[in-house]
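Down below is the structure, laid out as structure tokens.
Just so you know, all these numbers are worked out from the coordinates, no wet-lab data involved. The model shown is predicted, which means the values in this text are computed figures rather than measured ones. When we count neighbours, we look across all protein chains shown, and the Cβ atoms used for this are built from the backbone with ideal geometry, even at glycine.
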Amino acid sequence: MNQDTVNQEPLISIIVAVFNGGKTLQRCIDSVAGQTYPHKELIIMDGGSTDGTVDILRANNDKIAYWKSERDRGIYHAWNKALDHVRGDWICFLGSDDYLWNEDVLRRLADQLPDVPSNIRVVYGQVAFVDRHGETICVVGQPWDNVRRQYSEYMSIPHPGTLHHRRLFEERGRFDESFRVAGDYELLLRELKTGDAFFVLDLIVAGWQVGGLSCDPLNKVQILREHARAYQKNSVDFNRLVWLWGYAKAVGHAFLVRLIGLRGVSYVADFYRLVTGRPVFWTRLNK
């Protein structure tokens, strides 16, 4: 990876992992290629797709700094392989369902980077949850002072809206591939258990199309198990009662999905949200 360039705008690397993402990959590629910020590169690692994804990669060869299609061991293995080809000072990780929110996202991020203290290696903005039709469900991402304490319990910053400085990987290591769904949380936990993050105010960085591993209700139990392993690995003291309550809810949620189906659980969950004064979410997510 390059050393910081003095008196020059930083190179921002966008890494995308994809497997059979032919329906959405072009949107993701176009969102990067269409950025007004010129100092960028796109790296795509495909897990051996069979749905036409490779044809899309070939057709967009001029927009991609590096791509490869071969079987991998999961998203964190794909991201780690991509890091071997990164030249940028700052790195953003996307799934093929995700996309940069508008053409000025990288320009606005780059304008903020000179204000980031030298000891901070995580910069993030907001992310819009969108459904499969591209409609916004909600926007997530709050200032670091608001979510600092919560990070020791769950992923309180939106990963698709996050820039990682190359020094983070040099000093903290890469993604732990033994994690299946919480490797991004565990990586940032190494940094943020003692370090700080920098929040870019009023900037939606990415559209995050729901439906990935972390959004699957049947994976919530696995996510919480991996969180507990991440705490142990990084010697993080966490609230065990809060974790146990979350785990019990996740087990109950998974049981209900198997009993009455995802759509039925969505209606139950949104009824509870309405009763507690919150807008519907799950029925829109799963419609």
Scan Glu177, Glu186 and give me the residue that is in contact (Cβ under 8 Å) with a residue 40 or more places away in the chain, surrounded by 14 or more Cβ atoms within 10 Å (Cβ to Cβ), assigned to a loop (DSSP other than H, G, I, E, B) and among the acidic types (Asp, Glu). Glu177
Selection within the stretch 141-174 - crowded, with 21+ Cβ neighbours inside 10 Å and of a type in the set (S, T, N, Q): Thr162
When you scan the stretch 8-105 for strands (runs of 3 or more DSSP E) that lie fully inside it, which ones turn up with 3 or more residues that are buried (at least 19 other Cβ atoms within 10 Å of the Cβ), under 21 Å from the mean Cα position of the chain (by Cα) and on the phi < 0 side of the Ramachandran plot? 12-18, 40-46, 90-95
Matching residues in the stretch 219-266 (surrounded by 14 or more Cβ atoms within 10 Å (Cβ to Cβ) and assigned to a helix (DSSP H, G or I)) number 25
